[in-house]
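These notes are about the structure you will find just below.
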Amino acid sequence: MRIAIFTDLYAPWAVGGIPSSVKAQKDELEKLGHEVIVFCPGVDAREKNVINVPTCRVWRINKARLAKRPEKVEEFVLEKVPNFAEFDVVHVHYEAECSIAGVRLARRFGIPLVQTMHGREDMAIAINVPRPWKKMAAKVLCKKHAEYLPHLLDVKRDKFQAPTKARAKMWELMVNQAEQADMVIAPSDHFARKLMHYGVTKPLVVVSNGVSTELLKAKFPVRKMQDGDVLKMIWNSRVSREKRMMPFLEALTMLERPYLLAVYGEGNDFKKAQRFAKKHDLKVKFYGQRKRVKILERMGESHLGVMTSYNFDTQGMTLLEAEATGLPVLFCDPAMVEVVPSDSFVLAGGPEPEAIAITLNHLPAEQIEKMSQVMLDARGEVAQAAQIKNLLKVYEQVIANRRVRQKAKRAAKTAKPAKKGDDADDEGAN
């Protein structure tokens, strides 16, 4: 199978779980003998079959480069890959310029199109854009998106996930992106339900993200802890507003047990978090971006992984990687319960710092070992090698559906029109 992947974020040019998951998909598909080409923003592609599309040199989001306008990307792609029409399937992972170009190219050449919906763009606007500008920013982004892809779904404010006009506009952008596809993928059931609530009518299936096979080859111990031991925690995701590092640091000021927190990652709250930790003399060490092997080593030495986002993550690669390494996790969002096995996590009593602190203060030391063992027993479930089978079923389905449509179209063209008077002759014969 020949597969084109369009993504606006891709490792190693962008940090985060989703870019890593996309790379893991590419690696597993190639191991199975499929030809995969990834189109993404960036500079100086360092990986075989990865093509960097025209990229802005100034504008960035969380240090990740942005693609130029979709028409520029399309023109470039067709120059680089003149036989683009020979792809069996196009798989798109985001809603920005590079991904929009992928949708348009798939439609231009009649190639089956799969769209994975990863992120909560409504919450990204709500959290990261200053209050006076939220509505304007969302309106501009939605209008720009509609210039390239048709907007047939109109999303109005409601009390579910779109309580403001800004968030409603971003849901409108997301669901209209999804509606372009032949089949839509969501990484979790709870996100799939939200997409359908806001109008997605295309076939929608849940296919989990996955972690690399290489990670699962590594050995990790069952974590153990005794009463009075230092609770060793690790934060290994973006240090950003949407991930809610600051509420977690506030919780640490109320912690009554000995602890250490290792922070791996950067983001728009990084310096603020450093200042807060220093001011309150917190037992926190900030490492910034580090090589993956170092992060995995620290995960193997930790008792608890931390993910305190709330109503933002659609799945959370942090949780999948914790499962792959046998690391128990603490999170605040009840929706994340479906992501990891039962009895492998601690759900805070609420998203507030006080609730997080109470949960940690009352966490029994002996529970760490039980949760870790559950994670280790289930680690094979999050392997990308296992999830790739589900992804291939999606590809095979959209390709089969296209063949049916093409066959029906050919049949309609070759069908002979009825002659004048045929109906009258038949009626007279009766």
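Computed from the coordinates by the stated procedures, all read-outs in this text should not be read as laboratory data. Computed from a prediction, not measured in an experiment: that's the story for all the values here. Note that we place each Cβ from the backbone using ideal geometry, even for glycine, and neighbour counts take in every protein chain shown.
In this structure, Trp133 and Gln406 have a Cβ-Cβ separation that, at R0 = 41 Å, corresponds to a calculated FRET efficiency of about 0.30.
Cα centroids of the range 73-94 and the range 334-396: 37 Å apart. Length gained on full extension, Arg157 to Glu352, computed as 0.36 nm times the residue gap minus the Cα-Cα distance: 67.6 nm. Report the number of Lys pairs in the range 214-382 whose alpha-carbons are under 17 Å apart, with separation of 8 or more residues or on distinct chains. So the count works out to 16.
Using the Cβ-Cβ distance between Glu79 and His197 with R0 = 45 Å, the FRET efficiency computed as 1/(1 + (r/R0)^6) comes to roughly 0.65. Placing a pseudo-label 7 Å from each Cα along the Cα-to-Cβ vector at Arg107 and Lys279 gives an inter-label distance of 4.9 nm. Subtracting the Cα-Cα distance of Lys144 and Tyr287 from their residue separation scaled by 0.36 nm leaves 47.7 nm. Enumerate the lysines that Lys72 could reach by cross-link, defined here as Cα to Cα under 17 Å, with residues fewer than 8 away along the same chain left out. Output for Lys72: Lys80, Lys144. Seen through its C-alpha gyration tensor, with square-root eigenvalues sorted a ≥ b ≥ c, the range 279-382 comes out rounded because a/c lies under 1.5.
Rounded to the nearest 0.05, the FRET efficiency derived from the C-beta distance between Arg57 and Lys272 at R0 = 25 Å is 0.35. At a Cα cut-off below 17 Å, give the aspartates and glutamates reachable from Lys23, other chains included and same-chain residues fewer than 8 away excluded. Reachable aspartates and glutamates: Asp8, Glu35, Asp44, Glu47, Glu214, Glu321.
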